[in-house]
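The values are calculated or read from the model by the stated rules, or taken from the named source; none is laboratory data. Everything quoted here is computed from the prediction, not taken from an experiment. Counting neighbours? That spans all protein chains shown, and the Cβs are built from the backbone with ideal geometry, glycine included. Areas reflect the complete protein model, heavy atoms only, side chains present, ligands, DNA and RNA absent. Shrake-Rupley method; radii C 1.70, N 1.55, O 1.52, S 1.80 Å.
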Amino acid sequence: AKTVIAAIPEAAHLEVTADNARPESISHVKKRRADQPNLPGCVACVKGKGSVEDGLDFLRTFRIVVHPDCKHTRNEMGEYKYKVDRLSGQVLRDLVDANNHIIDALRYAVEKIMRNPPKSRVFMRKRG
């Protein structure tokens, strides 16, 4: 977090959406921000059946541009895979739960927009 805030100072004033499977991380961020009441808090992402697939479907509606220096992001985007049935070779709807930390963060970042889309999408350009 310190590295991100050092590189992007405005990030200190943004609400953080964290993985709800990591309550200790959420608690840590909340404690760090407790002495600064003007800063937004930290909230847990909402997960449920199909939330990963729904989030990815939403992300796919946009053209995501990754800076060439973001090597980990570029690698992860290229490695994201669906499970394959061993017997039939058929690609399944289930995703392989590996190499997905950055993509998970992207899903968390757009979660509120996905659930409550604004009337105007001026800040986002939809692909296609």
For this session: Output the qualifying pairs, or none if there are none: Cβ atoms under 8 angstrom, residues six or more apart or on different chains, first residue in the range 62-85 and without any contact (Cβ under 8 Å) to a residue 24 or more places away in the chain, second residue open to solvent by 100 Å² or more (accessible area, probe 1.4 Å).
Result: Val66/Arg74; Pro68/Arg74; Tyr82/Arg93; Val84/Gln90
Seminar exercise, completed: Selection from the range 96-114 of residues of a type in the set (S, T, N, Q) and open to solvent by 30 Å² or more (accessible area, probe 1.4 Å) yields Asn99
For this session: Select from the range 41-52 the residues that are farther than 17 Å from Ala105 by Cβ and either open to solvent by less than 40 Å² (accessible area, probe 1.4 Å) or of a type outside the set (D, E, K, R) (or both) and write down the one among them that is modelled with the lowest pLDDT.
Result: Gly41
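Per-residue answers, yes or no, for (1) open to solvent by less than 80 Å² (accessible area, probe 1.4 Å); (2) modelled with pLDDT of 85 or more; (3) within 24 Å of Pro117 (Cβ to Cβ); (4) part of a loop (DSSP other than H, G, I, E, B):
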position: Thr3; (1), (2), (3), (4): no, no, no, no
position: Ala6; (1), (2), (3), (4): no, no, no, no
position: Glu10; (1), (2), (3), (4): no, no, yes, no
position: His28; (1), (2), (3), (4): no, no, no, no
position: Arg33; (1), (2), (3), (4): yes, no, no, no
position: Gly55; (1), (2), (3), (4): yes, yes, yes, no
position: Phe58; (1), (2), (3), (4): yes, yes, yes, no
position: Val66; (1), (2), (3), (4): yes, yes, yes, yes
position: Thr73; (1), (2), (3), (4): yes, yes, no, no
For this session: Go through the range 16-26 residue by residue and tally those that are touching a strand residue (DSSP E or B) at 6+ places or on another chain (Cβ under 8 Å) and either of a type outside the set (Asp, Glu) or modelled with pLDDT under 80 (or both).
Result: 7
Problem set entry | Boolean, Leu87 is among the aliphatic types (A, V, I, L, M) and closer than 26 Å to Asn116 by Cα | no
Problem set entry | Hits in the range 81-109 - residues which are within 22 Å of Arg22 (Cα to Cα), of a type in the set (Val, Ile, Thr) and modelled with pLDDT of 90 or more | Ile102, Ile103
